[in-house]
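As structure tokens, the structure follows; a few thoughts come after it.
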Amino acid sequence: MDAISLIVRSIFVDNMIFAYFLGMCSFLAVSKNVKTAVGLGIAVTFVLVITLPVNYLLENYVLKQGALAWLGEEYATVDLSVFSLLIFIAIIASIVQLVEMIIERFSPSLYASLGIFLPLIAVNCSILGGSLFMQQREFVNVGMATAYGFGSGIGWLLAIVGLAAIREKLEYSHVPKPLKGLGITFIITALMAIGFMSFSGINI
Amino acid sequence: MVLSNKTKAVLLGPLNKNNPIIVQVLGICSALAVTSKLEPSLVMAVAVTLVTAFGNVIISLLRKTIPNRIRIIVQLVVVAALVTIVSEVLKAYVYDVNKQLSVFVGLIVTNCILMGRLEAFALGNGPWPSFLDGIGNGLGYGWILVVVGFFRELLGSGTLLGHQVIPQFMYDAGYVNNGLMMLAPMALILVAVIIWVHRSRNRELYEQTN
């Protein structure tokens, strides 16, 4: 039950894009059409679901203060949390490399359409952000961490697909010249964020 | 010191025509999330400038020895090491601001400006131009942050750097702080307004499609 409410919360209330602005760069760059947006959204969700539990285990059994207690008494006071950033990003970069190889093998068309953005998932802030929020919130077990990763990923997917759909419609509208492209996208995102604000404060 | 034209372009281009945030669309996340007050914006601007500059120098020095296939991991590790240093320094000297920035100090690692500049510039240029490029892009990123932070703090809470600037009699006369400014969406709208003004002054930056 907790896990379900966590998933719903992370999709709507703590949406990665509209509440924390994580992963904005690829969000703005890859949202020109719905198909590519769906592909990238799925890739992000996939990477989040894999990296979060891995980083959770590392955080709780290697990095945190006292986390090494299972090695023996003399390690109980070791605090390696200084290295958490380095470890997290290394794990994320290698898992992204793996996902890239898998997609290239099984879906060349998706690989071609995601193009240069696949390696960019490694530097997508929402992935590292997920791990850092996980560290901050201190989830009780691996399952909760995975649920959080899944929810955040789906929230991100929802946001980018929504924006891409709006931008496809926007082709036919008259936008003031200086606002064309980037400017109007920012304003649309802001309006969507205001919409999502109506979810805030809901307790599930 | 007299700078040649090329160095000048490398250093000053990112401040205007080639700005990382409003033209290259890099590093948006942190620009929006930390700017609800002026002070964290300033700290963030300085931190990103330093990390970009030194990250550029280090990668530029290593550029001939990094195997192409694993370059992204190498770049991330170098940047993560620099960010860890910055975050420890922030914790030691400006603890309150560090608390406000929360995870966003760590997220400098995945700030696209860093990876973008490392990939696009440092891998193909010597250490000194790379250093200038890093400083230039950091400052170009910084001034947007400071402008957004300035307006959000001024209109949202009537203060600047924590000092009251909107006089009390205005409040007595019925002036109210705009609470919406403190919320996330207004940061997006402010950046959009900056883009609007900037592009009306630089017509060559107009985009053809929506």
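The values are calculated or read from the model by the stated rules, or taken from the named source; none is laboratory data. Since the structure is predicted, the reported quantities are computational estimates derived from the model, not experimental observations. FYI the Cβ positions are ideal-geometry reconstructions off the backbone, even for glycines, and counts take in every protein chain you see. Remember, those area values only see protein heavy atoms, side chains included, never the ligands or the DNA or RNA. Shrake-Rupley method; radii C 1.70, N 1.55, O 1.52, S 1.80 Å.
Given the residues B:GLY138, B:GLY124, which is the only one that is away from every other protein chain (no Cβ under 14 Å) and within 21 Å of the chain's Cα centre (by Cα)?
B:GLY138
Give me a count of the residues in segment A:93-108 that are more than 8 Å from chain B (Cβ to nearest Cβ) and either under 17 Å from the mean Cα position of the chain (by Cα) or under 27 Å from B:LEU82 (Cα atoms) (or both).
Matching residues across segment A:93-108 total 5.
Kindly evaluate A:ALA90 against the criterion of being under 15 Å from A:TYR56 (Cα atoms), modelled with pLDDT of 75 or more and among the small types (Gly, Ala, Ser).
Working: under 15 Å from A:TYR56 (Cα atoms): yes; modelled with pLDDT of 75 or more: yes; among the small types (Gly, Ala, Ser): yes.
It is true that A:ALA90 is under 15 Å from A:TYR56 (Cα atoms), modelled with pLDDT of 75 or more and among the small types (Gly, Ala, Ser).
Please go through (1) open to solvent by less than 30 Å² (accessible area, probe 1.4 Å); (2) under 20 Å from B:ILE108 (Cα atoms) for A:GLY41 and return the number of the only condition it doesn't satisfy.
(2)
Give me the pairs: first residue in segment A:124-144 and more than 14 Å from chain B (Cβ to nearest Cβ), second residue outside any helix (DSSP H, G or I) and modelled with pLDDT of 85 or more, beta-carbon distance under 9 Å, and six or more apart or on different chains, which are they?
none
Quick one: which residue in B:ARG117, B:ARG152 is touching a helix residue (DSSP H, G or I) at 6+ places or on another chain (Cβ under 6 Å), assigned to a helix (DSSP H, G or I), within 14 Å of chain A (Cβ to nearest Cβ) and under 24 Å from B:VAL57 (Cα atoms)?
B:ARG117
Among the residues of segment A:156-204, which ones are of a type in the set (A, V, I, L, M), over 25 Å from B:TYR206 (Cβ atoms) and either facing chain B (nearest Cβ under 7 Å) or out of contact with any Ser or Thr (no Cβ under 8 Å at 6 or more places or on another chain) (or both)?
A:LEU158, A:ALA159, A:VAL161, A:ALA193, A:ILE194, A:MET197, A:ILE202
Which pairs do you get when a residue that is open to solvent by 10 Å² or more (accessible area, probe 1.4 Å), found in segment B:21-48, comes within reach of a residue that is among the acidic types (Asp, Glu), reach meaning Cβ atoms under 9 angstrom, with the pair 6+ apart or on two chains?
If the second residue must be among the acidic types (Asp, Glu), the pairs left are B:SER36/B:GLU153; B:LYS37/B:GLU153; B:LEU38/B:GLU153; B:GLU39/B:ASP96; B:GLU39/B:GLU153.
Could you check segment A:189-204 and list, in sequence order, the residues that are among the β-branched types (Val, Ile, Thr) and buried (at least 19 other Cβ atoms within 10 Å of the Cβ)?
Passing the criteria: only A:THR189.
Which of the residues that make up segment B:108-153 are at pLDDT 85 or above and among the aliphatic types (A, V, I, L, M)?
B:LEU132, B:ILE135, B:LEU139, B:ILE144, B:LEU145, B:VAL146, B:VAL147, B:VAL148, listed by residue number.
Out of B:ASN56, B:ASN5, I need the residue that is crowded, with 24+ Cβ neighbours inside 10 Å and away from chain A (no Cβ under 14 Å). Which one? Talk me through it step by step, then tell me what you get.
Working: B:ASN5 fails: crowded, with 24+ Cβ neighbours inside 10 Å.
The unique qualifying residue is B:ASN56.
Are any residues in segment B:178-203 open to solvent by 50 Å² or more (accessible area, probe 1.4 Å) and either among the β-branched types (Val, Ile, Thr) or not in a helix (DSSP H, G or I) (or both), and if so, which ones?
If the condition is that a residue be open to solvent by 50 Å² or more (accessible area, probe 1.4 Å) and either among the β-branched types (Val, Ile, Thr) or not in a helix (DSSP H, G or I) (or both), then B:ASN178, B:LEU183, B:VAL193, B:VAL197 are the ones that fit.
Before we move on, is B:VAL105 part of a helix (DSSP H, G or I), away from chain A (no Cβ under 14 Å) and at pLDDT below 85? Write out each step before concluding.
On the way: part of a helix (DSSP H, G or I): yes; away from chain A (no Cβ under 14 Å): no; at pLDDT below 85: yes.
No; evaluated as a whole, the condition is false for this residue.
Looking at segment A:166-201, which of the residues that are more than 22 Å from the chain's Cα centre (by Cα) and outside any helix (DSSP H, G or I) is nearest to A:SER10 (Cα to Cα)?
Checking each candidate, the answer is A:GLY181.
If A:THR77 meets every condition in (1) open to solvent by 50 Å² or more (accessible area, probe 1.4 Å); (2) more than 14 Å from chain B (Cβ to nearest Cβ); (3) polar (S, T, N, Q); (4) free of Cβ contacts under 8 Å to residues at least 12 places away in the same chain apart from one, which number is that one?
It fails just one condition, (4).
What about B:VAL97, is it surrounded by fewer than 23 Cβ atoms within 10 Å (Cβ to Cβ), under 18 Å from the mean Cα position of the chain (by Cα) and more than 13 Å from every other protein chain (Cβ to nearest Cβ)?
yes
Going by what's in this entry, would B:ILE70 be described as open to solvent by 10 Å² or more (accessible area, probe 1.4 Å), assigned to a helix (DSSP H, G or I) and at negative phi? Working first, answer last.
Details: open to solvent by 10 Å² or more (accessible area, probe 1.4 Å): yes; assigned to a helix (DSSP H, G or I): yes; at negative phi: yes.
So B:ILE70 passes the test.
To keep it simple, each residue is scored yes or no on (1) in contact with a helix residue (DSSP H, G or I) (Cβ under 8 Å, 6 or more places away or on another chain); (2) assigned to a loop (DSSP other than H, G, I, E, B); (3) among the β-branched types (Val, Ile, Thr).
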residue: A:CYS25; (1), (2), (3): yes, no, no
residue: A:LYS35; (1), (2), (3): yes, no, no
residue: A:GLY41; (1), (2), (3): yes, no, no
residue: A:LEU58; (1), (2), (3): yes, no, no
residue: A:ILE91; (1), (2), (3): yes, no, yes
residue: A:LEU98; (1), (2), (3): no, no, no
residue: A:MET101; (1), (2), (3): no, no, no
residue: A:SER109; (1), (2), (3): no, no, no
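Without any contact (Cβ under 8 Å) to a residue 60 or more places away in the chain and surrounded by 24 or more Cβ atoms within 10 Å (Cβ to Cβ): does that describe B:VAL79?
Numbers: without any contact (Cβ under 8 Å) to a residue 60 or more places away in the chain: yes; surrounded by 24 or more Cβ atoms within 10 Å (Cβ to Cβ): yes.
In short, yes.
Based on this model, can you work out whether A:MET24 counts as closer than 15 Å to A:GLY155 by Cα, facing chain B (nearest Cβ under 9 Å) and of a type in the set (A, V, I, L, M)?
yes
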